[in-house]
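*Asks:* Quick one: the structure is below, questions incoming.
The values are calculated or read from the model by the stated rules, or taken from the named source; none is laboratory data. Just so we're clear, the structure is a prediction, and the values are computed from it rather than from any experiment. Every residue, glycine among them, receives a Cβ derived from its backbone with ideal geometry; neighbour counts consider all protein chains shown.
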Amino acid sequence: MVQVDISQLSAESNAWRAQLRTYRDEFTQDENKIRQVAGKPLSKEQLQEVEHLHNQFHIQLINIHDLKQAIKQHERQLETDSSSSENNSKHAELQEEFNSLELTLQQLRAEFSGFLSRTS
């Protein structure tokens with residue numbers, strides 16, 4: 001029974017890490033796009049928006065990395081410790097962090113998309 005729970009927790013953790021890798025790749029590309037936009041003639045407000053978005057991409061890429069590392073550490077813990085209640089508690093905490101970060105990333109994605117449509 002515990003083994004099934006651990007394999008399920010591990011599978012969910014792997015899915016989170018895969019999704020975070022996808023976000024990392026997307027935001028790395030978006031960071032490059034914002035640099036290209038910054039080279040165009042822009043208003044003062046647009047330049048401020050470029051700076052804000054660039055900073056947000058940088059911050060969120062760090063957040064993605066940190067959460068991926070925490071999940072990876074959790075997976076290692078799952079392999080070595082069969083204490084189900086502790087694993088479930090940590091897993092629930094990581095799921096909450098993942099969901100919160102994912103919401104933030106989706107909001108940033110929408111903000112960036114709106115910016116690109118206004119500057120094109």
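*Asks:* Between HIS65, HIS54, which is over 27 Å from THR119 (Cα atoms), at pLDDT 95 or above and not β-branched (Val, Ile, Thr)?
*Replies:* On inspection, the qualifying residue turns out to be HIS65.
*Asks:* Looking at segment 76-91, can you tell me whether even one residue there is out of contact with any Phe, Trp or Tyr (no Cβ under 9 Å at 6 or more places or on another chain), among the acidic types (Asp, Glu) and surrounded by 14 or more Cβ atoms within 10 Å (Cβ to Cβ)?
*Replies:* The answer is no, given that none of the residues of segment 76-91 is out of contact with any Phe, Trp or Tyr (no Cβ under 9 Å at 6 or more places or on another chain), among the acidic types (Asp, Glu) and surrounded by 14 or more Cβ atoms within 10 Å (Cβ to Cβ).
*Asks:* On the basis of being surrounded by 12 or more Cβ atoms within 10 Å (Cβ to Cβ), under 20 Å from ILE6 (Cβ atoms), under 20 Å from the mean Cα position of the chain (by Cα) and modelled with pLDDT of 90 or more, does LEU101 make the cut?
*Replies:* When the stated conditions are applied, LEU101 does not pass them.
*Asks:* If you go through segment 70-117 one residue at a time, how many are assigned to a helix (DSSP H, G or I), of a type outside the set (Asp, Glu) and free of Cβ contacts under 8 Å to residues at least 24 places away in the same chain?
*Replies:* 17
*Asks:* Among the residues that make up segment 39-47, is at least one of them in a loop (DSSP other than H, G, I, E, B) and touching a residue at least 60 places away in the same chain (Cβ under 8 Å)?
*Replies:* Yes, segment 39-47 contains a residue that is in a loop (DSSP other than H, G, I, E, B) and touching a residue at least 60 places away in the same chain (Cβ under 8 Å).
*Asks:* Only one of GLN19, GLN46 is surrounded by 14 or more Cβ atoms within 10 Å (Cβ to Cβ), under 18 Å from LEU103 (Cβ atoms) and not aromatic (Phe, Trp, Tyr). Can you tell me which?
*Replies:* Going through GLN19, GLN46 in turn, the sole match is GLN19.
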